[in-house]
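Where a number appears in this text, it was derived from the coordinates with a stated rule and is not lab data. Only a predicted model underlies this, so the values are computations on that prediction, with no experimental measurement involved. Quick reminder, even Gly has a Cβ in these numbers, built from the backbone with ideal geometry, and neighbours come from all protein chains shown.
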Amino acid sequence: MVKLGIIGVGKFGTNIIHAFKQVEQQGKGKLVAICDISESMLKSQSDKYGVKGYLDYKEMFEKEELDGVAIATPDPFHKEPTIYAANLGKHVLVEKPMDVTVEGCIEMLEAAKKNNILLQVDFHKRYDPYHREICKNVRAGKFGKIEYGYVHMEDRIEVPWKWFPNWAAKSSPAWFLGIHFIDLVRWMLQSNGKRVYATGRKWKLKELGVDTYDSINALVEFKNGTTITFDTSWILPEKFEAIVNQGFRLVGTLGVAECDTQNRGTIVCTEQLGMESYNVGFLLEDEDLEGNPYFSGYGIESIADFVYNLEYLNKGGSLDKIRNHAISGFAEDGLEATRIAVGIHKSLEIGEPVDL
């Protein structure tokens with residue numbers, strides 16, 4: 001059975017707890033320990049899920065036998081624990097972005113190679129069945145050559161303003177949101193970025209005391225000739241019907257693909273919350289026959305996939321086979337997605353196109 005740990009058990013760390021506890025019920029893994037720098041968060045999660053907690057991840061590694069660890073710290077703080085874990089021979093699932101610098105990604109990639117460990121990046125957009133079907137058809141040439149397209153991904157303003165005010169200024173909508181679709185488009189096109197030009201605005205959030213971009217618009221040219229516009233923001237009104245508004249459109253020489261990832265066709269209205277749209281494709285909570293919570297959706301599947309990959313390795317499987325056949329995002333994917341995102345922010349700074 002794969003022994004697992006988690007570093008960072010806040011909002012998305014909770015999702016990882018759900019996924020790991022679920023594979024535990026399947027007999028494929030066991031959540032051994034969690035770590036967080038917040039004493040109150042750590043105690044709350046430790047008590048709720050009945051798992052040992054640590055304030056220092058180095059102490060966790062010292063005292064617990066772990067096969068793998070998931071890292072869900074804020075965007076700029078993935079590198080150090082990833083490299084530390086890799087140097088101990090522990091496999092790593094790291095949340096996106098892998099790192100916010102190209103150099104950091106290269107260090108993480110080299111540490112993974114040197115220690116022969118799996119470094120998997122949680123690019124969960126790949127696991128959405130709608131995205132997977134479009135990807136299959138793009139690669140099969142059903143749309144011809146993809147000439148251009150656009151992506152939009154937008155959060156309600158409470159995400160940077162109320163959820164993450166302490167570190168949102170160290171991030172941006174391109175890092176926090178856009179990196180998802182940057183990877184998804186790369187994966188579909190099987191092509192890396194070549195050139196980028198970006199513009200952005202700092203109006204609303206700066207007024208609220210969070211010095212980061214409200215919105216970023218980036219035109220990315222890929223090496224295969226496709227150009228995609230990535231529009232990201234996190235200032236949608238708090239009364240917008242979903243936390244995340246998202247979708248994309250691809251236009252090829254033989255066809256077009258459109259995907260509204262936010263509105264899957266179900267909208268409800270209650271007196272308490274007003275208008276809402278559901279994204280149960282990402283996360284759906286239910287109960288099993290024993291009354292235990294049971295979670296499904298691509299937000300769980302992408303995390304559970306890490307455990308299944310480790311189980312395969314523990315049975316003698318090869319890293320190369322996982323990299324060649326799994327849907328997972330790996331260190332090389334994290335590096336290339338970060339390379340594009342870094343180019344976007346450099347273009348914002350200098351006001352000119354940037355070659356990647």
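With charges only on Cβ, +1 for K and R and -1 for D and E, what is the dipole size of the range 58-98 about its Cα centre, in debye, rounded to 20?
Computed charge dipole of the range 58-98: roughly 140 debye.
Using a simple spin-label model with points 7 Å from Cα along the Cα→Cβ vector, what separation in nm is obtained for GLU258 and ARG323?
4.0
What full-extension length gain, to one decimal in nm, is calculated for LEU208 and ILE37 as 0.36 nm per residue of separation minus the Cα-Cα distance?
59.0 nm
Per residue, what volume in Å³ does the convex hull of the Cα atoms of the chain enclose?
Considering the Cα atoms of the chain, their hull volume per residue is 145 Å³.
Can you check what the net charge comes to around GLU110, using other residues whose Cβ is under 12 Å from the Cβ of GLU110 (Lys, Arg +1; Asp, Glu -1)?
0
List residues of the range 110-129, by number, whose backbone nitrogen lies under 13 Å from a label position 7 Å along Cα→C-beta of LEU284.
What the label zone holds, given the 13 Å backbone N cut-off, is 129.
Considering only DSSP beta bridges whose two residues both sit in the chain, what percent are antiparallel, to the nearest 5?
Antiparallel bridges make up about 60 percent of those DSSP assigns within the chain.
If R0 is 45 Å, what FRET efficiency do you get for THR199 and LYS58 from their C-beta distance, rounded to 0.05?
With R0 = 45 Å, the Cβ-Cβ based efficiency is 0.60.
How many nm separate the modelled label positions at MET1 and ASN166, each set 7 Å beyond the Cα in the direction of the Cβ?
Simple spin-label model gives 3.3 nm for this pair.
Lys and Arg at +1, Asp and Glu at -1: add these up for the other residues within a Cβ distance under 15 Å of THR101 and post the number.
Around THR101, the charge tally is -3.
Calculate the dipole size of the range 216-356 relative to its Cα centre from +1 charges on Lys and Arg beta carbons and -1 charges on Asp and Glu beta carbons; express the result in debye to the nearest 20.
580
How long is the gain from LYS239 to LYS113 if the chain were fully straight, where each residue apart is worth 0.36 nm and the alpha carbon distance is subtracted?
Contour length minus the Cα-Cα distance gives 40.7 nm.
What longest region of the chain stays clear of trypsin sites (Lys or Arg not before Pro) that DSSP places outside H, G, I, E and B and that have at most 10 other Cβ atoms within 10 Å?
Here the longest segment lacking exposed loop sites spans 1-238.
Note down the nm distance, to one decimal, between modelled labels 7 Å out along Cα→Cβ at LEU273 and at ASN87.
4.5
Taking the Cα atoms only, what angle lies between the long axis of helix 298-314 and the longest principal axis of the chain, rounded to 10 degrees?
The angle comes out at about 50 degrees.
In nm, what is the difference between 0.36 nm times the number of residues separating LYS223 and GLN190 and their Cα-Cα distance?
10.9 nm
Sort CYS269, CYS259 by Cβ crowding within 10 Å, fewest neighbours at the top.
CYS269, CYS259
Under a Cβ-only charge scheme (Lys and Arg +1, Asp and Glu -1), can you give me the dipole magnitude of the chain about the Cα centre, in debye to the nearest 20?
Approximately 880 debye in magnitude.
Among LEU250, PRO293, PHE282, which residue has its Cα furthest toward the positive end of the charge dipole of the range 233-302, with +1 on Lys/Arg Cβ and -1 on Asp/Glu Cβ?
LEU250
Please work out the Cα center distance from the range 1-49 to the range 241-305, rounded to the nearest Å.
Going from one Cα centre to the other spans 23 Å.
Can you find, among ALA331, LEU208, GLY316, the residue farthest towards the positive end of the dipole of the range 200-356? Put +1 on the C-beta of Lys and Arg, -1 on that of Asp and Glu.
ALA331
Count the net charge of all other residues whose Cβ sits under 14 Å from the Cβ of THR266, scoring Lys and Arg as +1 and Asp and Glu as -1.
Residues close to THR266 contribute a combined charge of -2.
Quick check on the exposure proxy: order VAL92, VAL2, VAL268 from fewest to most C-beta atoms within 10 angstrom.
VAL268, VAL2, VAL92
Of the residues GLY317, GLY252, GLY343, which exhibits the maximal mean-square fluctuation in a Gaussian network model of the chain defined by a 10 Å Cα contact cut-off?
Maximum among the listed residues: GLY317.
Taking DSSP loops as anything outside H, G, I, E and B, show the longest stretch in the chain free of GluC sites (Glu not before Pro) there with at most 16 other beta carbons within 10 Å.
It works out to 66-237.
Looking at ILE350, PHE176, ILE157, which one has the Cα that reaches farthest to the positive end of the dipole of the chain (charges on Cβ: Lys, Arg +1; Asp, Glu -1)?
Of the candidates, ILE350 comes out farthest on the positive side.
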